[in-house]
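I have placed the structure first, in the form of structure tokens, so that the comments after it can refer back to it.
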Amino acid sequence: MKKLFVIAVLVLACVSLAPFCHANTYYITGPYYDSSGIQHGFIVTSTAEGVLSYETFDVADADQSNLGASFPYSINASGVVCGTYRQVTTERLRGFVRAADGAITTFDVAGSTGNNGTQAIAINASGVIVGYWQDSSQVYHGFIRAADGTITSFDAPGAGTGSNEGTVLYGWQAINASGQIVGNILGGSDNIFIRNTDGTFVTFLTPGLTDYNQVAIDDSGVVAGTYEDVTFPYPGHAFVYSSGVLTAFDPPGSTNTFVFTIGIDNAGTISGFFADASDIGHGFLRSSGGSFTIFTPSGSEYGGFAAIASDGTVAGDSFNDLEYTAYPYIRYTDGTIDVYSIPSCAALFIPMGTGDNQGTAEPFSIVYVPAALALLCPLANTGQVSVPYSSSLTASGGTPPYRFSIIGGSLPPDLTLNGSTGLISGTPTMAGTYPYTAQVTDSLSNTATANCQIVISIIGRPHIFAMT
């Protein structure tokens, strides 16, 4: 089942609906509650052209009478979603992956017969999904589902082997672009693990409890997470772990840094939510240097989820206790916050119910969608024998870093291409016209090509072009 709603914002409307008019495109996913309190999935697309659209969906064999019917956790820049749903026939949790075209594939890890079944938690740009599953002895294990559907299970070192102990992953950023994984250890001496791409582990201990609290990992392997004090009333705190050093922190004025929301972008900026002494919720951004930016979505009374995209844009929700409703918001990098309080935006999220937990939407994951990968030829397309030449191929869009190569034709003799930077340089030794096809490949293996040429002439003797 799928519904599609689109709001087209005209250029003139951008004056009054300024939050829509931003330069980038984003995907956001999470669950929402209908008027019966049943969860369904949604995907929001916010485009650079000022168009906001969303789709709602359900897994075909989800138990529509159950609270956890369809629960999306994470989305990547290709629009692929992973999540968990409760199967109507077995009442067990299963994983699902929803392709960009809406096709849904469901899956189980072999042996996941425990109460919590299989839970798909996070997906990276390559389509690799990670999560955890529970066996018949109620022990938790981690899993990796490759893009081709192959599933590999793993256990963090030192993880407990008793009921409701083991290895769990809880956070939409539980895997980074290279495949490093972060998660929680239940029943062990350490309580957080990092699984490297070669299968080795790093484990460490936070100052407090982390059993089901969120952790996130950026593409350089820096981890952000949350923990709770071990004594009542168990307030939450946050931490960052980098190069073997754990730094605990709380935003200024925090009496409780919420443990169910944390994110980190590739600049090391951490996003989250906290409550002040009056129990009012605020969002925060903590830079890699430790400075804080505090923001409060309009009407916020309690904090909600605060996911962060790679460019620093935040998606989350804020609760109003008088209405028992969670209002989604997007905070752009210029500080603009859209809480969907204008009628056309409110209609996107609020018509789905009006009671406690009804009509609420919870954005769990936001991803920046890069522009299409493109390649331009060097600006300098002529040179002279014995005169040093230097000019670069120029890539844009896609997901850096880039790799450059020549896949057809050839460069003039004694000119070489730097595969990392795109610089073509050297001192040409032979006159002539040298056509070639250049290619750029981004970190997600997307490619773009350009047909170029360099014409080399002899000093004082301009090259004569053949007429065709």
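Quick note: the coordinates plus some simple rules give every number you see, no bench work behind them. If you're wondering where the values come from, they're calculated on a predicted model, not measured in any experiment. Backbone-built Cβ (ideal geometry, glycine too); neighbour counts: all protein chains shown.
Data table
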| item | result |
| --- | --- |
| Sequence of E91, E55 once ranked by neighbouring C-beta atoms within 10 Å, starting from the fewest | E91, E55 |
| Stretchable slack from A374 to S405, in nm (0.36 nm times residue separation minus alpha-carbon distance) | 9.8 nm |
| Inter-probe distance in nm under a simple model that places probes 7 Å from Cα toward Cβ, at T394 and S242 | 3.2 nm |
| Ranking of I144, I407 by count of other Cβ atoms within 10 Å, fewest first | I407, I144 |
| Distance in nm between pseudo-label sites at A60 and T437 (7 Å out along the Cβ direction from Cα) | 4.0 nm |
| Spacing of the two label points (7 Å from each Cα toward its C-beta) at A100 and N115, in nm | 4.0 nm |
| Expected-Rg normalisation [2.2 N^0.38 Å, Cα atoms] applied to region 164-319 | 0.98 |
| Sorted by Cβ density within 10 Å, fewest first, the residues L393, L209 | L209, L393 |
| Gain upon complete extension [N266, T90; 0.36 nm per residue less C-alpha separation] | 59.3 nm |
